[in-house]
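I have placed the structure first, in the form of structure tokens, so that the comments after it can refer back to it.
The values are calculated or read from the model by the stated rules, or taken from the named source; none is laboratory data. Bear in mind that the values here come from a model prediction, so they are computed numbers and not experimental data. Virtual Cβ from ideal backbone geometry, glycine too; neighbours counted across all protein chains shown.
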């Protein structure tokens, strides 16, 4: 997330006997989990730039759709106790993994907090830095470490993580998260399969991208006095670039950030991506841009070139590639 009751199914049975301690296959998901002997040990995986030792989690808590989607995509539903889903998120029924969400608990419809995690007796929490984990709200990896609760942060959010920053492009960060989670849960082969599939889809989009100068694109998140938009450290930047466009604020080494309307007008975007979430419908955002003096004369507005990007296609998660494919199709039509 940006700085913005379904009963649980039965848990996995107790440890198998030594004679039967072969790989377990997670129901319906195809991810093989290694033998109990291997799972009982620890593996070192980076949490942002910090090497951390992990045991295989059994009661994971995911914050927002991107975190849960990563776990579900790896076939780890039986290791997920529940999720925290603030109001900004679209209904989980719209997710490609809706059936997996239905097998775990919705723990809260508010922001992530320590109390929810402790009450859930969680042994693993997945969230982003400053978008889930946050000093001001009293829930950080360091705090959870002291409570004996493991944690993992989206690499996309790590570039300004205090003490252990890590920076890479948003799509590469997505692949890295899936690979690292694969190591933590001992499903490396499944992670490789998922990442290879996403990379192949990205490759196909690149092959069809329009030739010539990239189309200037402005992402409108929210804001009237000052617009909130995407810098180069969030997935929409890679979505726009890979499809053949150019984020007009790709020079900002930020995630989600405020700019001013004068700079938007100067950029003359030919396409505006509307980031769709929360209780302000995309149509109202479009209506505002069509009437506001600073934006009503923009090329994108005059040509009615608006593309709606779903919230979970814009935050770090496997659905980034769904958003990419949809935007690429739209952009090819705009370019004619």
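Yes/no matrix, rows are residues, columns are (1) surrounded by 19 or more Cβ atoms within 10 Å (Cβ to Cβ); (2) outside the structural domain of residue 197 (by TED's automatic domain parsing); (3) under 22 Å from residue 130 (Cβ atoms); (4) touching a helix residue (DSSP H, G or I) at 6+ places or on another chain (Cβ under 8 Å):
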{"residue": "283", "(1), (2), (3), (4)": "no, yes, no, no"}
{"residue": "287", "(1), (2), (3), (4)": "no, yes, no, no"}
{"residue": "292", "(1), (2), (3), (4)": "no, yes, no, yes"}
{"residue": "302", "(1), (2), (3), (4)": "no, yes, no, no"}
{"residue": "316", "(1), (2), (3), (4)": "yes, yes, yes, yes"}
{"residue": "321", "(1), (2), (3), (4)": "yes, yes, no, yes"}
{"residue": "324", "(1), (2), (3), (4)": "yes, yes, no, yes"}
Next on the checklist: Taking the criterion of being in the same structural domain as residue 185 (by TED's automatic domain parsing) and under 20 Å from the mean Cα position of the chain (by Cα), would at least one residue in segment 34-43 satisfy it?
Outcome noted: no
Item to check | Test for residue 177: is it over 24 Å from residue 326 (Cα atoms), modelled with pLDDT of 95 or more, in contact with a helix residue (DSSP H, G or I) (Cβ under 6 Å, 6 or more places away or on another chain) and in the same structural domain as residue 42 (by TED's automatic domain parsing) | outcome: no
Checklist outcome for this item: Exactly one of 233, 258 is closer than 21 Å to residue 316 by Cβ and in contact with a strand residue (DSSP E or B) (Cβ under 8 Å, 6 or more places away or on another chain), and that one is 258
Item to check | helices (runs of 4 or more DSSP H) completely within segment 29-102 that count 1 or more residues being modelled with pLDDT of 95 or more | outcome: 64-73, 98-101
Checklist entry - Residue check: is residue 26 outside the structural domain of residue 234 (by TED's automatic domain parsing), within 24 Å of the chain's Cα centre (by Cα) and modelled with pLDDT of 50 or more? => result no
Checklist outcome for this item: Counted residues in segment 295-321 being outside any loop (DSSP other than H, G, I, E, B) and more than 20 Å from residue 231 (Cα to Cα) come to 3
Checklist entry - When residues of segment 142-160 are filtered for being over 18 Å from residue 124 (Cβ atoms) and either exposed (fewer than 13 other Cβ atoms within 10 Å of the Cβ) or modelled with pLDDT of 95 or more (or both), how many remain? => result 1
Item to check | Flag for residue 336 being under 27 Å from residue 129 (Cα atoms) and either at pLDDT 95 or above or surrounded by fewer than 16 Cβ atoms within 10 Å (Cβ to Cβ) (or both) | outcome: no
Checklist entry - Mind checking whether some residue in segment 104-119 is at pLDDT 95 or above, in contact with a helix residue (DSSP H, G or I) (Cβ under 7 Å, 6 or more places away or on another chain), closer than 20 Å to residue 74 by Cα and in a helix (DSSP H, G or I)? => result no
